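Asker: Dropping the structure in here first, questions after.
The values are calculated or read from the model by the stated rules, or taken from the named source; none is laboratory data. The structure displayed is predicted, hence computed values, not measured ones. Here the Cβ positions follow ideal geometry from the backbone for every residue, glycine too, while neighbour counts run over all protein chains shown. Surface areas here come from the heavy atoms of the whole protein model, side chains and all, with no ligands, DNA or RNA. Shrake-Rupley method; radii C 1.70, N 1.55, O 1.52, S 1.80 Å.
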Amino acid sequence: MKDVVLSGIRSTGKLHLGNYFGALSKFVKMQEDYDCLYFIADLHALTTHPDASALHDNVKDIVAEYLAAGLDPEKATIFVQSDIPEIPELYLLLNMHVGIGELMRTASFKDKARKALGISRDGSDDEIEKDILGNESNSKRVNAGLLTYPTLMAVDILIQKAKYVPVGKDQEQHLELTRRFARRFNAFYGVDLFPEPTNFDFGGKPVKVPGLDGSGKMGKSEGNCIYLADDEKTLRKKVMRAVTDEGPKAPNSEMTEPVKNLFTLLELTSTPEIVTQFRDAYADCSIRYGDLKKQLAEDILKITLPIRERFLDIRSNDEYIAKVVREGAERARERAAKTLAEAREAMGIRRFW
Ligand code: TRP
């Protein structure tokens, strides 16, 4: 039997190059050798994006992008989280063994809670807690779904008994909590129900895909993204406008962060020969950033344009998208139902009539 791999993406907007190199391209590779489940975390999306009219479109966008990037529904199980009612049921049960304190101490919770309340300052945990408890109003509040986000994520993983969960560094803490909840449940009921999942190590250094604004990584909320579905003109324009500096003043000088970032993107998308050629040009001060950007746009387009074309094609085919997620849901539900039954049994929940 192949090891089970599971990962999910929240449906809060289109996928960008960071998602592609950080997650999607790895998902595609793994589907050859593992029993893979990839899903759209639309219930998680509701914790921050409760817009009912956008929900379905966002889910369809991501399914179409998954498929366009090379995920194959014959090889991997592709499904939508809200199609699996066993997930919310196990989430309720698992929450009985999760502490409010450990949830409140989770970094992602503190971030998102402060955002929800419009509090920007850093503060001690005590201050943050006071803010959260004291700053609610009719329009601003930290919903309980945000607090229990890690329980829901743990259930996504545990209900499929996944062994590997390929995720970025920002999700490590959630994975750590998942292991802790699994151990705790197993120990409390004296069962060996949930395996403890680990991140998947691809070897090599982890990729951090930088944005085009000179600092930090590419992120939906940063406005510095190249989207897989960007058209050619938009993409070229974005790359040509990327932040740089005034150019190297002396041979072999240290690169500034914006320039380093462009080279990182070039390394991800171009050939080693081209990278070396531009590195040499930087070292001897003959580099022209315009040329570098033109080359970079070319190389990015080679990756994204075929994905965009397939995306547009698939996205216009509602029936096909529906078929993929219907079949995915059937497979994912069968496994989820089995685990849920085992968990209920372990907890002593059974009908006595
Ligand atoms: N929290 C993840 C993110 O924001 C998405 C996610 C939800 C997930 N459930 C998961 C990832 C289960 C891996 C496994 O990126």
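Asker: In Å, what is the Rg of the alpha-carbon atoms in the chain, and how long is Dmax?
Answerer: 22.5, 84
Asker: Given the pairs K260/K323; K14/K163; K75/K294; K75/K110; K110/K233; K140/K169, which span a C-alpha to C-alpha distance of over 32 angstrom in this model?
Answerer: K260/K323; K75/K294; K75/K110; K110/K233
Asker: Set the Förster radius R0 to 45 Å, insert the Cβ-Cβ distance between I349 and T48 as r into 1/(1 + (r/R0)^6), and round the FRET efficiency to 0.05.
Answerer: Once rounded, the FRET efficiency stands at 0.90.
Asker: Could you sort out which of K112/K338; K2/K338; K205/K238 sit more than 29 Å apart by Cα distance in this structure?
Answerer: K112/K338
Asker: Need the full-extension length gain, S137 to T234, defined as separation in residues times 0.36 nm minus the C-alpha distance. One decimal, nm.
Answerer: Working it through step by step, the gained length comes to 30.9 nm.
Asker: Next question, about the same structure. Pairwise over distinct Cα atoms, reciprocal of the mean inverse distance: report the Kirkwood radius of segment 230-316 in Å, one decimal place.
Answerer: Result for segment 230-316, one decimal place: 13.9 Å.
Asker: If you don't mind, another one. Could you bin all the Cα-Cα distances of segment 174-307 into 10 Å bins starting at 0 and give me the percent of pairs in each, rounded to whole numbers?
Answerer: 11, 32, 24, 13, 11, 7, 1
Asker: Just to confirm, what accessible area per residue do you get for segment 98-186 at 1.4 Å probe, in whole Å²?
Answerer: Accessible area per residue, segment 98-186: 49 Å².
Asker: Continuing with the same structure: Which is farthest toward the positive dipole end of the chain among I78, P206, G118, measuring Cα position about the Cα centre, with Cβ charges +1 (Lys, Arg) and -1 (Asp, Glu)?
Answerer: Most positive-ward Cα: G118.
Asker: Now for a different question. Given a 1.4 angstrom probe, I'd like the percentage of the accessible area of segment 220-353 that is carbon and sulfur, rounded to a whole number.
Answerer: So the carbon and sulfur contribution to the accessible surface is 50 percent.
Asker: On to the next question. If we restrict to alpha carbons, what Rg and Dmax does segment 114-197 come to, in Å?
Answerer: 16.2, 44
Asker: Among all stretches of the chain without exposed GluC sites (Glu not before Pro) (DSSP loop, at most 14 other Cβ atoms within 10 Å), which one is longest?
Answerer: For GluC sites (Glu not before Pro) (loop position, at most 14 other Cβ atoms within 10 Å), the longest site-free span of the chain is 137-245.
Asker: While we're on this one: Could you tally the net charge around L193, taking each other residue with its Cβ under 10 Å from the Cβ of L193, Lys/Arg +1 and Asp/Glu -1?
Answerer: After counting each charged neighbour, the total is -2.
Asker: Which residue, chosen from G99, L312, V28, occupies the Cα position most advanced towards the positive end of the dipole of the chain, where the dipole is computed from +1 (Lys, Arg) and -1 (Asp, Glu) charges on Cβ about the Cα centre?
Answerer: Result: G99, furthest along the dipole toward the positive end.
Asker: In square angstrom, what is the accessible area per residue of segment 204-353 with a 1.4 angstrom probe?
Answerer: Here the per-residue accessible area is 59 Å².
Asker: Projected onto the charge dipole of the chain (+1 at Lys/Arg Cβ, -1 at Asp/Glu Cβ, origin at the Cα centre), which of Q277, N143, V59 gives the Cα projection farthest towards the positive end?
Answerer: Of the candidates, N143 comes out farthest on the positive side.
Asker: Let me ask something additional. Give me the percent of the accessible area of segment 10-106 that comes from carbon and sulfur atoms, probe 1.4 Å, all protein chains in place.
Answerer: Reported share for carbon and sulfur atoms: 54 percent.
Asker: Tell me the volume per residue, in Å³, of the convex hull enclosing the alpha carbons of segment 270-326.
Answerer: 87
Asker: Please figure out what share of the DSSP beta bridges in the chain is antiparallel and state it in percent, rounded to the nearest 5.
Answerer: 15
Asker: May I pose another question? Explain nothing, just the number: dipole magnitude of the chain about its Cα centre with +1 on each Lys and Arg Cβ and -1 on each Asp and Glu Cβ, in debye rounded to the nearest 20.
Answerer: 340
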